[in-house]
Amino acid sequence: MSYISERRVEEKERRRAEIVDAAEQLYADKGWDSVTMEQVAKRARLSRALLYV
C-alpha cells in the first residue's frame, strides 16, 4: 500500500473515532432520543454530510 493510501485509511479511521466519541458524549449528556446528527457533526467538528459518508 502506498503512503497516500495508508494516510487516507488512517484519516478515515480517525474521523470515525471522532464521530463515535462525539455521539457517545452526547448520548451520555442527553440520551439517544435527544441526539441529532447535526449535534454529532458539530461536536466532532465535521460537516453533517460527512457523517453519512
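3J(HN,Hα) along the range 2-13: 6, 4, 5, 4, 4, 5, 4, 5, 4, 5, 4, 5 Hz, from the Karplus curve 6.51 cos²θ - 1.76 cosθ + 1.60 with θ = phi - 60°, whole Hz, x for Gly and Pro.
Percent relative contact order of the chain, based on C-alpha pairs within less than 8 angstrom and at least six residues apart? Provide the component values of the computation, followed by the final result.
Numbers: 23 pairs, mean separation 15.9, N = 53.
Taking the mean separation of contacting Cα pairs over the length of the chain, I get 30 percent.
Computed from phi, the 3J(HN,Hα) profile of the range 24-36 under the Karplus parametrisation 6.51, -1.76, 1.60 (θ = phi - 60°) reads 5, 5, 5, 4, 5, 7, 10, x, 4, 5, 9, 7, 10 Hz, with x in place of Gly and Pro. Residues in the range 38-45 carry Karplus couplings, in order, of 4, 5, 4, 4, 5, 5, 7, 6 Hz; the curve used is 6.51 cos²θ - 1.76 cosθ + 1.60 with θ = phi - 60°, and Gly or Pro positions show x.
A short reminder: the numbers here are calculations on the coordinates, not readings from a lab. None of the values given here were measured: they were computed from a predicted structure.
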